[in-house]
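The values are calculated or read from the model by the stated rules, or taken from the named source; none is laboratory data. These numbers come from a predicted model, not from an experiment. Ideal geometry is used to build each Cβ from the backbone, glycine not excepted, and the neighbour counts take in all protein chains shown. Note: areas computed on protein heavy atoms with side chains; ligands, DNA, RNA excluded. Shrake-Rupley method; radii C 1.70, N 1.55, O 1.52, S 1.80 Å.
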Amino acid sequence: MKPIIVMGADHAGWSMKEFLKRKLESEGYTIVDKGTDSEASVDSHDYAVAVGEEVSAAEHTLGILVCGTGIGMSMTANKVSGIRASLVSDLFSAQMTREHNAANVLCLGARVIAHQMAWEITKVWLTAEPLGGKYANRVAKMMAYEQSKMKKA
Ligand SMILES: O=C[C@H](O)[C@H](O)[C@H](O)COP(=O)(O)O
């Protein structure tokens, strides 16, 4: 079963988000678009939180965030509990971040890579699956640390 894809972008990433959304819809994915809807200047933070919270709350859901570099999106999304967001610019990392790190949000930089490269990365990222075993144990440690900090707060 294909995951639901929650997407978000700031003004710098809007065009790439729209491109990827069309591609994903043509491949049969269901998209939840959290905006933005134009190239008017906005703050990436708002979209990273909106996508992160939805991915964190819902089963069988993955997120894709696009800003100029992908950096602001990834930094902010990783503040949301349950989110493992990774900024990816190459195909090997796209595969590894799913297989080894079980990333649940993909961040892309529209001022760093071309639209077509973003689509190639997205396809690899969505095809790769977390490998489990020692990798799952490492991800579990990561999430246990987050949970321990939340309890103290
Ligand atoms: O990490 C942040 C992103 O790259 C933003 O897309 C970028 O900072 C936006 O810059 P500006 O508001 O100057 O277009």
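Our coupling estimate for the stretch 37-52, obtained by passing each phi through the Karplus curve with A = 6.51, B = -1.76, C = 1.60 and θ = phi - 60°, is 10, 6, 8, 5, 4, 9, 9, 4, 3, 4, 7, 5, 5, 4, 5, x Hz, Gly and Pro reported as x.
Proximity of backbone amide H atoms, modeled 1.01 Å from N, is registered between residue 7 and 32, 33, 34, 64 at under 5 Å, excluding neighbours fewer than 5 places apart on the same chain. Once the Cα-Cα distance is subtracted from the 0.36 nm per residue extended length, the residue 120 to residue 79 segment shows a gain of 12.1 nm.
Relative to the current alpha-carbon distance between residue 46 and residue 134, full extension at 0.36 nm per residue lengthens the span by 28.2 nm. Ligands, DNA and RNA are left out, and with a 1.4 angstrom probe the accessible area of the stretch 1-86 is 45 Å² per residue. Amide H to amide H, with H built 1.01 Å from N, residue 87 comes under 5 Å of 107, counting only residues 5 or more places away or on other chains.
To the nearest 10 Å², what's residue 98's accessible area with a 1.4 Å probe? My reading of the accessible area for residue 98 is about 20 Å². Annotation: amide H-H contacts under 5 Å for residue 69 (H modelled 1.01 Å from N, sequence separation of 5 or more, or interchain): 110, 111. Each residue of the stretch 130-141 was assigned a 3J(HN,Hα) from its phi angle through the Karplus expression (A = 6.51, B = -1.76, C = 1.60, θ = phi - 60°), giving x, 7, x, x, 4, 5, 5, 4, 5, 5, 4, 4 Hz with x at Gly and Pro.
Applying both filters, DSSP loop and at most 13 other Cβ atoms within 10 Å, to the GluC sites (Glu not before Pro) of the stretch 1-103 gives 27, 39, 59.
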